[in-house]
Amino acid sequence: MTVSDLSAPLTLPCGQVLPNRLMKSALSEVLADRHGAPDHRLERLYATWATGGYGLLVTGNVMVDGRQIGEPGNVVAEDERHLPQLTRWAAATRAHGVPLWMQLNHPGRQANPMALRSTPVAPSPIAVKIPGASTPRELTGAEIEDVIERFATTAAIAEKAGFDGVQVHAAHGYLVAQFLSPLSNQRTDDWGGDPERRMRFAIEVVRRVRSRVSPGFAVGIKLNSADFQRGGFTEEQSKDVVAALSTEGLDLIEVSGGSYESTAMFGAAASTVEREAYFLEYARAVREVAGDVPLAVTGGFRSRTAMESALSSGDCDVIGLGRPTCTTPDAANVILAGADARIASHRIGFSTTGLLSRVTDVKAVNSAIDLGWHEDQLHRMGAGLQPDVSRTKLAAAASLVRRNGRDAFAKRRG
């Protein structure tokens, strides 16, 4: 049954109830301490969002393997050594009745050299096409099984710590997405060689996670509609993955797209941008094969009118809000407060036709600076400060280099 009321609750297949249809989607906070543990900054940040009116909060990517890190500052939950800190993080939202899900991730070949403790690993020894990327080592069959178990272990830790669910990150070119793409997975064994075998890793991860948590604990996945690269993961292949996953006990499928190599969120087709939702058309296409699994769409939503239209059309069940929540932490309350409500968005970067464009790829630089500027806002809120929309792009660039070193201006995704 479709609804148009953003404030309507949603009961997930596991029985968990989301108080409304607005989700704070995953954003990379990079606010862990040097040991990979969440600290008071993440507690403060999520306590702030917990008062923002959202029906669901999803954390930024939490690493399932401390040897393979996406960015310096990622939280690592590969065992129970950080359980007390994870428990405090989960408790930060409980008083406000907002479900909090932990996003589970393995970067694969997109591991950051500044945080890497060993050679990056991937389905096949094919480097990501960004400056300075190293060639990963191909995972063995035994190592693939170990990674699958790590996803399940981290999910079990999340439940023990008091989180309400987990989301498997299978988008944006990270390891699960690497297995799905024929460009990054050129194996010919049981884990690659055709679309059915390439999707096996994602299915096994979800299946193992579901088996290790209780029935009332939510399990979701973030999946690319496509990776927007010639010869890569296509919408038809993605649709087949959704169909296969629909019988694996999932509670929510979030639709996204693109990767480090092709940042689809910044180059969406005009027909979809006009509806304020980059991936809404894809969600409509997979609605039937998703069965009873609710769909979330994140990307481009700014007005209550467009959000309600997406719900009433039946194209999706949940509206995801990403970067606007960095500068308007109570964005859900703002949207729910008025029929004509809109939330502000900010794009930070240099002119694509200026002097800089003659010496470098300005789009790649702007993608990094824009993401870094929004991360800076999260750091401010983690420090107990208000967002600062007047922060300059040069200040954002400086903090980005400090956090990520020479990889700071590679094409990046949140």
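Can you tell me which residue is surrounded by the most Cβ atoms within 10 Å (Cβ to Cβ) among those in the range 24-37 that are under 13 Å from residue 76 (Cβ atoms) and under 18 Å from the mean Cα position of the chain (by Cα)? Explain how you work it out, then say what you get.
Within the range 24-37, the first condition is being under 13 Å from residue 76 (Cβ atoms), and the residues that meet it are 30-37.
Next cut, under 18 Å from the mean Cα position of the chain (by Cα) only: 30-32.
Numbers: 30: 21, 31: 23, 32: 25.
Among residues in the range 24-37 that are under 13 Å from residue 76 (Cβ atoms) and under 18 Å from the mean Cα position of the chain (by Cα), the one surrounded by the most Cβ atoms within 10 Å (Cβ to Cβ) is 32.
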On the basis of being surrounded by 18 or more Cβ atoms within 10 Å (Cβ to Cβ), at pLDDT below 90 and more than 17 Å from residue 220 (Cβ to Cβ), does residue 267 make the cut? no
Selection count, the range 237-262, where residues are surrounded by 24 or more Cβ atoms within 10 Å (Cβ to Cβ) and at pLDDT below 85: 4
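Would you confirm, using the coordinates I've provided, whether residue 151 is in contact with a helix residue (DSSP H, G or I) (Cβ under 6 Å, 6 or more places away or on another chain), within 17 Å of residue 106 (Cα to Cα) and crowded, with 22+ Cβ neighbours inside 10 Å? Write out each step before concluding.
Numbers: in contact with a helix residue (DSSP H, G or I) (Cβ under 6 Å, 6 or more places away or on another chain): yes; within 17 Å of residue 106 (Cα to Cα): yes; crowded, with 22+ Cβ neighbours inside 10 Å: yes.
Taking the combined requirement at face value, the residue satisfies it.
Just give me the residues in the range 285-333 being β-branched (Val, Ile, Thr) and closer than 20 Å to residue 347 by Cα, in sequence order.
First, the residues of the range 285-333 that are β-branched (Val, Ile, Thr): 286, 289, 293, 297-298, 305, 318-319, 325, 327-328.
Once the filter is applied, which keeps residues that are β-branched (Val, Ile, Thr) and closer than 20 Å to residue 347 by Cα, the range 285-333 yields 298, 325, 327, 328.
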Within the range 178-186, does at least one residue satisfy the condition of being at pLDDT below 95, buried (at least 22 other Cβ atoms within 10 Å of the Cβ), part of a loop (DSSP other than H, G, I, E, B) and under 19 Å from the mean Cα position of the chain (by Cα)? yes
Looking only at residues in the range 309-363 that are touching a Pro at 6+ places or on another chain (Cβ under 6 Å), assigned to a loop (DSSP other than H, G, I, E, B) and of a type outside the set (A, V, I, L, M), which one is nearest to residue 284 (Cα to Cα)? 317
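Please specify each residue of the range 380-395 satisfying the condition of being in contact (Cβ under 8 Å) with a residue 60 or more places away in the chain, assigned to a helix (DSSP H, G or I) and more than 19 Å from residue 344 (Cα to Cα). Explain how you work it out, then say what you get.
Pass one, the range 380-395, residues in contact (Cβ under 8 Å) with a residue 60 or more places away in the chain: 381-384, 387, 389.
After this cut, where a residue has to be assigned to a helix (DSSP H, G or I) as well, the list is 381-382.
Residue satisfying the conditions is 382 alone.
With respect to residue 204, is the statement that it is free of Cβ contacts under 8 Å to residues at least 40 places away in the same chain and farther than 25 Å from residue 11 by Cβ true?
Numbers: free of Cβ contacts under 8 Å to residues at least 40 places away in the same chain: no; farther than 25 Å from residue 11 by Cβ: yes.
Considered against the rule, which asks whether it is free of Cβ contacts under 8 Å to residues at least 40 places away in the same chain and farther than 25 Å from residue 11 by Cβ, residue 204 comes out as no.
The values are calculated or read from the model by the stated rules, or taken from the named source; none is laboratory data. Everything numeric in this text was worked out from a predicted model, so none of it was measured. Reconstructed Cβ throughout: ideal geometry from the backbone, glycine too, with neighbour counts over all protein chains shown.
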